[in-house]
Amino acid sequence: MIDSSDKRSLRRALRALRLRLAAEQPDAAARAAAALDLSVLPAVAIVSGYHPLASELDPGPLTARLRAAGARLALPVCAGPDLPLVFRAWDPDDALVPDALGVPSPPATAELLRPDLVIAPLVAFDRRGGRLGQGGGHYDRTLALLRASKPVFVLGLAYAGQELDAVPGEAHDQRLDAILTENGYIPVRTS
């Protein structure tokens, strides 16, 4: 098991890598969205994207395709540093306000939704569904709660270069169901 200081060092190195990948591939998000055969995803009514921070791959092209296919959109909202995220209805034309972490999010007046598909940002992934996030545990807490109440498909969105042989994990970590990169769709290996 990797200790927390090693995970911090790993995150720092992987964020630097992601920044370089973003500069080298400014069209990666559009390529990933265009290449996805939507039939590989489960039927969904509500999709949560995210507001990309720093060099995170922008889910905008993918959420636009899913919206055109009939899905309602939501964005995650953080109410506090140790709380799970909530999901609020979102339209790309809506004004956003900073949540408790300063991330642009739908306002408190936007309808609360429970997504069927969560598009998750990440720092690294592996083909067994391992996901290394920013380190706050928000997605792990949130996905555990969602999955306890209904089926939720979690799609990691990343640059292909963010793949590791194995992501260091802990018992509480929530796994991805698949990953989408500029090189295509990666179903998670279960063995």
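The values are calculated or read from the model by the stated rules, or taken from the named source; none is laboratory data. What you are looking at is a predicted structure, and each value in this text was computed from that prediction instead of being measured. With ideal geometry, Cβ positions are generated from the backbone for all residues, glycine too; neighbour counts draw on all protein chains shown.
What to note about this one:
- Applying the criterion of being in a loop (DSSP other than H, G, I, E, B) and free of Cβ contacts under 8 Å to residues at least 12 places away in the same chain to the residues of the range 90-107, the residue that is farthest from PRO52 (Cα to Cα) is ASP93.
- Residue match in the range 25-33 (condition: closer than 23 Å to LEU146 by Cα, modelled with pLDDT of 95 or more and surrounded by fewer than 20 Cβ atoms within 10 Å (Cβ to Cβ)): no
- When residues of the range 109-135 are limited to those that are surrounded by fewer than 20 Cβ atoms within 10 Å (Cβ to Cβ) and either free of Cβ contacts under 8 Å to residues at least 12 places away in the same chain or of a type in the set (Lys, Arg) (or both), the one nearest to ALA79 (Cα to Cα): THR109
- Test: LEU19 is modelled with pLDDT of 95 or more and farther than 25 Å from GLY184 by Cβ: no
- Qualifying residue in the range 173-183 (condition: outside any loop (DSSP other than H, G, I, E, B) and touching an Asp or Glu at 6+ places or on another chain (Cβ under 9 Å)): yes
- Residues that are of a type in the set (Gly, Ala, Ser) and within 26 Å of ALA148 (Cα to Cα) within the range 72-112 comprise ALA74, ALA79, GLY80, ALA89, ALA100, SER105, ALA108, ALA110, listed in sequence order.
- The residues of the range 165-191 that are of a type outside the set (Asp, Glu) and at pLDDT 95 or above, listed by number, are LEU176, ALA178, ILE179, LEU180, THR181, ASN183, GLY184, TYR185, ILE186, PRO187.
- Qualifying residue in the range 86-101 (condition: buried (at least 16 other Cβ atoms within 10 Å of the Cβ), touching a strand residue (DSSP E or B) at 6+ places or on another chain (Cβ under 7 Å) and under 20 Å from ARG11 (Cα atoms)): no
- Total residues in the range 44-89 satisfying the condition of being among the hydrophobic types (A, V, I, L, M, F, W, C) and in a helix (DSSP H, G or I): the figure is 4.
- Residue match in the range 152-162 (condition: more than 24 Å from LEU21 (Cβ to Cβ) and without any contact (Cβ under 8 Å) to a residue 60 or more places away in the chain): yes
- ALA54 meets the conditions (1) more than 17 Å from the chain's Cα centre (by Cα); (2) modelled with pLDDT under 95; (3) more than 17 Å from GLY137 (Cα to Cα) in every case but one. The failed one is (1).
- Number of positions in the range 42-51 that are over 15 Å from the mean Cα position of the chain (by Cα) and either over 23 Å from LYS150 (Cα atoms) or crowded, with 16+ Cβ neighbours inside 10 Å (or both): 1
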